Amino acid sequence: NFSFLLAEWISFSYTKVNLLLFFYYQNCSQPLAAGGVMPTHINQSNVRRFVFMLIGGFFLGVGIGLFKLSLMGNDPNTAFVIAAAAKLGVDFAVLNLFVNSAYFLLEYIFGRSLIGIGTFINWVMVGTVASACDHLGRYLHLAPEHFASKLLVMVLGILILTLSCAIYQTADMG
């Protein structure tokens, strides 16, 4: 049942976000200016940036989900995760969490100053939203069958992905 799967993803993602935020807030004590990753205060600018980061991250997932739905190609990372998930028999969102964990270890070692709250939100949100969009499209029988409709879905995915990348990266929250 699709609604059961969606509820499971949301529950799993919510739990992961809570754990990640707990870890993040427990281990980030330096202000951003001193080389830390967490602002020392919340102001309207930080809230606005956080909201834009969430919007950008959500639509990154929608764009990737449209790519998956169109079956017209993906970026190399997504293609790897799709192929590996199919080979292992697990969902894209689940394997994406593990792949992002490996990327996080590399970022922690080599680019610790780049880690922010956006790192953790992106870690969990993008793959989950992409997988949910793909499954929702297939459940509602919206998967394109003809080349022209596949091309249209892919172009829509490119436009959404491009705009969402700009929004997400402009927020500059990790």
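The values are calculated or read from the model by the stated rules, or taken from the named source; none is laboratory data. Just so it is clear, the structure is predicted and the values come from calculations on it, not from any experiment. Note: ideal-geometry Cβ built from the backbone for every residue, glycine included; neighbour counts use all protein chains shown. The area values use the complete protein model at the heavy-atom level, side chains included, leaving out ligands, DNA and RNA. Shrake-Rupley method; radii C 1.70, N 1.55, O 1.52, S 1.80 Å.
Of all residues in the stretch 68-83, which are touching a residue at least 12 places away in the same chain (Cβ under 8 Å) and either closer than 19 Å to residue 124 by Cβ or in contact with a Phe, Trp or Tyr (Cβ under 8 Å, 6 or more places away or on another chain) (or both)?
Once the filter is applied, which keeps residues that are touching a residue at least 12 places away in the same chain (Cβ under 8 Å) and either closer than 19 Å to residue 124 by Cβ or in contact with a Phe, Trp or Tyr (Cβ under 8 Å, 6 or more places away or on another chain) (or both), the stretch 68-83 yields 68, 73, 77, 78, 80, 81, 82.
List every residue pair whose Cβ atoms lie under 7 Å apart, where the two residues are 6 or more positions apart in sequence or sit on different chains, the first residue falls within the stretch 91-111 and is in contact (Cβ under 8 Å) with a residue 60 or more places away in the chain and open to solvent by less than 40 Å² (accessible area, probe 1.4 Å), and the second residue, located anywhere, is among the β-branched types (Val, Ile, Thr) and in a helix (DSSP H, G or I).
93/128; 97/124
Open to solvent by 40 Å² or more (accessible area, probe 1.4 Å) and among the hydrophobic types (A, V, I, L, M, F, W, C): does that describe residue 117?
On the way: open to solvent by 40 Å² or more (accessible area, probe 1.4 Å): no; among the hydrophobic types (A, V, I, L, M, F, W, C): yes.
No.
Based on what the data block shows, is residue 148 free of Cβ contacts under 8 Å to residues at least 12 places away in the same chain, open to solvent by 40 Å² or more (accessible area, probe 1.4 Å) and out of contact with any His (no Cβ under 7 Å at 6 or more places or on another chain)? Step through it out loud before you land on a result.
Numbers: free of Cβ contacts under 8 Å to residues at least 12 places away in the same chain: yes; open to solvent by 40 Å² or more (accessible area, probe 1.4 Å): yes; out of contact with any His (no Cβ under 7 Å at 6 or more places or on another chain): yes.
Spelling it out, residue 148 is indeed free of Cβ contacts under 8 Å to residues at least 12 places away in the same chain, open to solvent by 40 Å² or more (accessible area, probe 1.4 Å) and out of contact with any His (no Cβ under 7 Å at 6 or more places or on another chain).
Determine which member of the set 170, 162, 128 is within 24 Å of residue 71 (Cα to Cα), open to solvent by 40 Å² or more (accessible area, probe 1.4 Å), of a type outside the set (A, V, I, L, M, F, W, C) and assigned to a helix (DSSP H, G or I). So that I can check it myself, show each step before the final result.
Details: 170 fails: within 24 Å of residue 71 (Cα to Cα); 128 fails: open to solvent by 40 Å² or more (accessible area, probe 1.4 Å).
So the residue among 170, 162, 128 that is within 24 Å of residue 71 (Cα to Cα), open to solvent by 40 Å² or more (accessible area, probe 1.4 Å), of a type outside the set (A, V, I, L, M, F, W, C) and assigned to a helix (DSSP H, G or I) is 162.
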